[in-house]
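Only one structure is covered here, and it is reproduced in the block below.
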Amino acid sequence: MSRTQLPTEFQQRVVIENVQPEVDGGRFPIKRCPAEKVLVSATIHCDSSDLLSAVIQYRPAKEKSWKEVPLELSNPGMDLWDGEFIVETLGRYEYTVQSWVDTFGTWRRDLSKKYEAGLDVTNEMLLGGRLIRAAASRAQGADLDSLRRRIDALTNASDKASQVQAALDSDLFSLVTRFPDRTQATTYRTLGITVERERARYGAWYEMFPRSAGSQPDRAATLRLAEQRLMGIAKMGFDVLYLAPIHPIGKSFRKGPNNKPKAGPNDPGSPWAIGSPEGGHKDIEPTLGTLEDFDHFVKEADHLGLEIALDLAFQCSPDHPYVQNHPEWFRHRLDGTIQYAENPPKKYEDIYPLDFQCADWQSLWDELKDVVIFWIKRGVYIFRVDNPHTKPYRFWEWLIREVQEKYPKTLFLAEAFTRPKVMEQLAKCGFSQSYTYFTWRTTKPELTEYLDELTQTEIKECLRPNFFTNTPDILHEFLQKGGRPAFQIRLILAATLGANYGIYGPPFELCENRAVAGTEDYLDSEKYQIRSWDWDRPGHIKDLITKINNIRRENPALHFNDSLRFFTINNENLLCYAKTSADLSNIIVTAVNLDPLHVQAGWVQLPFSEWGLKGDYQVHDLLTDHRFQWNGQSNFVQLDPIDLPAHVLRISSAKP
């Protein structure tokens, strides 16, 4: 009778489960930046009381050999193991968990128990010799010589006690366990990591329309003129300057001021209606200048420490060269005309969506990748992507991976104000950062629930939030009605809750709060007309913005999100939270009055003992530079929004 050949994995006794972190069972990579830790946990067990050994294996994806670090049994009752490793370089990493029965460790444990109980251990010593010789067969060089000497010492021991003592020697144990038998080891599936540069995790963004950087509302500023704004933006402490689309603007079906269906002869149109006879996504709007002017703009920004981010809007005006040269890249109605964008009852005749599933989709995808690479070659490595949720997930997964494999510095921000699962899926597909619902979270319960979700659940492994206070499309009611204090409140919340945050620049720094009645749309929006701004008009908050950005740079606790923790304060209009560095050398506590109209006060409970602080504590308000002493777990806070609606406190021991 023939015998069925069983798979070799049937010999594997160890089970590895619940490995964390992983995203969708390893379908998508987690995200990290260089020098960051990956804290790994796993449930590992086998079919008996035998001891186990386990390691994390990791490597850059392009390398063949694995590096290893041990996993330690942290919770024996739950078979929970923990370990960590550090990623070092940009690009893709792989990691997994491997575990095997620790035969020598199990033998050593049982030998000790039997010998202490006075039992005969003759057979155990014979087995131990076999295990040590087996380890020697896997060793080389000095380790092999050392193991041979150990075998001789065991063989020549003068009595049983000396032999057992030599067998239980800790140095021998360390030596043998370096050469385990892994022929029946269990290896978990391979998981992925995308390692992106620090700007993916931490940065302050400023959004502007270059054409509105001049002093004349009826004349577009050029890029050369817009360069004059760079110094002021850099002095406020921003890291990234994000430009609304700078490409040629279509003339067909242009929108007028405040999104009027028809434009006048001198109306500039929406920059998101990309494409004209002058060019498309690889060209510059002629009123802004030339590609050489853009190159100069990028270099000047770089000299000031600003990195340029471009808007990536994959859509076309009816005048785009793609429409003439590749009509097959667009959807068509039954009458043969190209389908314009719609969100019934709204119509956007000035925009043609691309058909990512057309018959010639591969040529379309390649061309759009070439658009990204075109601007990378001109010094742009950050892209804010317009409405990515209206394009296929697979397209973004392909595009981002293709680009980052060749240009690993490149980052992508998803402007996707859509359903939570869609936003999360885009993050899984590779987007470095994502817009969020922060703009609409204004109350204490809303903020605490949402921030806990973003920073303390599994979503943190793939989605990095970027808290924009406002956008050209969103002027929230809180800003419309709360006056200057409302802008201060939202600035401080965004900048201290999120390691990444941004403002739509001139309107926010100048506290512009005029909206189209009953909407979140800015009145006289820059999307449809050129604006000229009085950059120093009374009521601006540039000084506060500058101070906040300096605080962020000087305090590493604010460069991360995972340490965020909210605290009890007995007033629903007050929000109090902290971020801490890993070694607790930097502790930042922020208390914010969420009411822009009234003074609010309350008692906050802080876990000073958990932070290793005893007795009196030194509290330094980084906004006002005031210093004072706190004592005990409970302390009083009172905030007047007219004066300053928040404390940003650095906490340290009162003792030198």
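Observations, loosely collected:
- Taking the range 92-183 and dividing mean pair separation by its residue count, relative contact order in percent (alpha carbons under 8 Å, at least six apart): 33
- Burial ranking of peptide ranges 641-652, 269-280 (average Cβ count within 10 Å, highest at the top): 269-280, 641-652
- Applying the criteria of a DSSP loop state and at most 12 other Cβ atoms within 10 Å to the GluC sites (Glu not before Pro) of the range 56-148 yields Glu63, Glu88.
- Computed from the C-beta positions of Gln357 and Gln324, the FRET efficiency with R₀ = 25 Å rounds to 0.70.
- Gained length - Glu36 relative to Gln480, 0.36 nm times residue gap less alpha-carbon distance: 155.8 nm
- Contact order normalised by residue count of the chain, Cα under 8 Å, 6+ apart, percent: 11
- Here each label is just a point 7 Å from Cα along the line to Cβ, and for Gln638 and Leu126 those points are 8.6 nm apart.
- Pairwise FRET efficiency - Ser609 versus Arg149, Cβ, R0 = 51 Å, nearest 0.05: 0.50
- Percent of C-alpha pairs per 10 Å bin, the range 345-405, short to long: 17, 50, 27, 6, 0
- Legend: calculated FRET efficiency, Val516 to Phe628, from the Cβ-Cβ distance at R0 = 56 Å, rounded to 0.05, equals 0.80.
- Taken over the Cα atoms of the range 320-439, the convex hull encloses 138 Å³ per residue.
- The range 408-456 - percent relative contact order, Cα under 8 Å, separation 6 or more: 33
- Extension gain, Gln184 to Lys282: 0.36 nm times the residue separation minus the Cα-Cα distance gives 29.7 nm.
- Residue-by-residue Karplus 3J(HN,Hα) for the range 355-368, coefficients 6.51, -1.76, 1.60, Hz, glycine and proline x: 9, 6, 10, 5, 4, 9, 4, 5, 5, 4, 4, 4, 5, 5
- All C-alpha pair distances within the range 9-155, sorted into 5 Å bins from zero, spread as 2, 8, 14, 15, 16, 14, 13, 9, 5, 3, 1, 0 percent across the bins.
- Multiplying the residue separation of Asp267 and Gln11 by 0.36 nm and removing their Cα-Cα distance gives an extension gain of 84.7 nm.
- Residues in the range 57-81 reached by a label modelled at Tyr407 [backbone nitrogen below 15 Å; 7 Å Cα→Cβ]: none
- log₁₀ of I(q)/I(0) at q = 0.12 Å⁻¹ - the chain, Debye sum with one point per alpha carbon: -1.25
- In the range 547-635, inverting the average of 1/r over every pair of distinct C-alpha atoms gives 14.1 Å as the Kirkwood radius.
- Note on Glu349 and Arg333: the model spin-label points, each 7 Å out from Cα along the C-beta direction, lie 1.0 nm apart.
- Carbon + sulfur, % of accessible area of the chain - ligands and nucleic acids excluded, 1.4 Å: 49
- At most 16 other Cβ within 10 Å, DSSP loop - trypsin sites (Lys or Arg not before Pro), the range 31-119: Lys62, Lys64
- In sequence order, the range 171-176 has phi-based couplings of 5, 5, 4, 4, 5, 5 Hz under the Karplus curve 6.51 cos²θ - 1.76 cosθ + 1.60, θ = phi - 60°, and Gly or Pro positions carry x.
- Phi-based couplings in Hz for the range 544-555 (Karplus 6.51, -1.76, 1.60; Gly and Pro marked x): 5, 4, 4, 5, 4, 5, 5, 4, 4, 5, 8, 10
The values are calculated or read from the model by the stated rules, or taken from the named source; none is laboratory data. Because the structure is predicted, anything quoted here is derived from the model rather than measured. Every residue, glycine as well, gets a Cβ built from its backbone with ideal geometry; the counts of neighbours run over all protein chains shown. To get the accessible areas, we keep the full protein, side chains included, count just its heavy atoms, and leave off ligands, DNA and RNA. Shrake-Rupley method; radii C 1.70, N 1.55, O 1.52, S 1.80 Å.
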